[in-house]
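A.B. asks: To start, I am sharing the structure in question, which I have written as structure tokens.
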Amino acid sequence: MATEKQLDRRTRRTRQAIKAAFVSLILERGYEAVTILDVAKRADYNRGTFYKHFVGKEELLQEIRSEFLLGFAETLLIPYEGMDLVKAEDIYPSALQLFDHIEKHKDEFQALLSVDRSFGFELYDVLRESMRRDMHITMDVGSPALDYEILLSYQMSAAMGVILYWEESGFKYSTSYMADQLIGLVNRKMDKITFKKNAPSSAPTVSVYSPYNQ
């Protein structure tokens, strides 16, 4: 007779197989075209087994989304366990963790985005809330006074923009390269903007002055 531990392991294995089958079918056919029977067959189970674990594909999708978001939020703090603070230039480990998490679960990530592109906003909210709850950004002494919520929104929007570009590019860069790029962008001050459409190539560039670049 199977023990409770063995049953739990079997249950987890079954649920994982169903989720993996669902994700692969979404990527192949699109969410609306996938049926419960399709998922059960792909996972090598019957419809009864599917319904034993999930009410329907909406609940299945929600569990995949929730698990991804939870893992995404948890990755931020993993590199700094036991630490009180870290310098801004030393946050590469958490950036790498974010990209590693996405790469490890990129099928789920792409499937969730294909169902609803606003999933990117959910990731943004998770990042921002994690930063509010678990961390606090301290600016350099002498930096211009900035509204903290605006600063936080800007930083998290920048992170999500880079992540979404990576997905759109087909994950053509390594996680370490993307982490380097993100840290460089977040910590770098802009010098100028050249309006290519309005000025001939021989014309001088147009600099945009900002006190935040001083």
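A.B. asks: Relative to the compact-globule scaling 2.2 N^0.38 Å, provide the ratio for the alpha-carbon radius of gyration of the range 129-183.
C.D. replies: Numbers: Rg = 13.8 Å, N = 55, 2.2 N^0.38 = 10.1 Å.
Dividing the Cα radius of gyration by 2.2 N^0.38 Å gives 1.37.
A.B. asks: Provide the gained length on full extension for the span VAL141 to THR11, in nm with one decimal, where the gain is 0.36 nm per separating residue minus the Cα-Cα distance. Write down the numbers at each step before the final one.
C.D. replies: Working: separation 130, 0.36 × 130 = 46.80 nm, distance 5.43 nm.
Gain on extension, VAL141 to THR11, equals 41.4 nm.
A.B. asks: OK, next. Given the C-alpha centroids of the range 125-190 and the range 10-47, what is the distance between them in whole angstrom?
C.D. replies: 35
A.B. asks: Also, quick follow-up: To make sure I understand the rule: partners must be aspartates and glutamates, Cα under 15 Å from the Cα of LYS172, and not fewer than 8 residues away in the same chain. Which ones qualify?
C.D. replies: Straight-line reach from LYS172, under 15 Å: ASP100, GLU103, ASP107, ASP180.
A.B. asks: Something else: If you stretched the chain out fully between GLN155 and SER66, how much longer would it get, using 0.36 nm times the residue separation minus the C-alpha to C-alpha distance? Don't jump to the answer; show the numbers that get you there.
C.D. replies: Values: separation 89, 0.36 × 89 = 32.04 nm, distance 2.32 nm.
That pair, GLN155 and SER66, stretches by 29.7 nm at full extension.
A.B. asks: While we're on this one: Just to make sure I understand: if all protein chains stay in place, what is the order of THR138, THR35 by accessible area at 1.4 Å, largest first?
C.D. replies: Working: THR138 115, THR35 65 Å².
From most exposed to least exposed: THR138, THR35.
A.B. asks: Across the Cα atoms of the range 104-143, what radius of gyration and what greatest pairwise Cα-Cα distance (Dmax) are found, in Å?
C.D. replies: That works out to 15.0, 45 Å for Rg and Dmax.
A.B. asks: Next question, about the same structure. Along the principal axes of its C-alpha atoms, what lengths does the range 1-84 span, in descending order and rounded to whole Å?
C.D. replies: 51, 41, 18
A.B. asks: Something else now. If DNA, RNA and ligands are ignored and the probe is 1.4 Å, what is the ranking of VAL55, VAL162, VAL86 by accessible area, most exposed first?
C.D. replies: Numbers: VAL55 115, VAL162 20, VAL86 55 Å².
Final ranking, largest accessible area leading: VAL55, VAL86, VAL162.
A.B. asks: Over the Cα atoms of the range 55-167, Rg to Rh with Kirkwood Rh, two decimal places? Don't skip to the end; give the middle numbers.
C.D. replies: Details: Rg = 15.4 Å, Rh = 15.3 Å.
Reported Rg/Rh, Kirkwood definition of Rh: 1.00.
A.B. asks: Might you tell me the accessible area per residue for the range 1-81, computed with a 1.4 Å probe and given in Å²?
C.D. replies: Working: 4990 Å² over 81 residues.
Value for the range 1-81: 62 Å² per residue.
A.B. asks: When the Kirkwood hydrodynamic radius is evaluated over all pairs of different C-alpha atoms of the range 40-113, what value in angstrom, to one decimal, is obtained?
C.D. replies: 14.7
The values are calculated or read from the model by the stated rules, or taken from the named source; none is laboratory data. This one's a predicted model, so the numbers in the text were calculated from it and none came from an experiment. These accessible areas exclude ligands, DNA and RNA; they are computed on the full protein's heavy atoms, side chains included. Shrake-Rupley method; radii C 1.70, N 1.55, O 1.52, S 1.80 Å.
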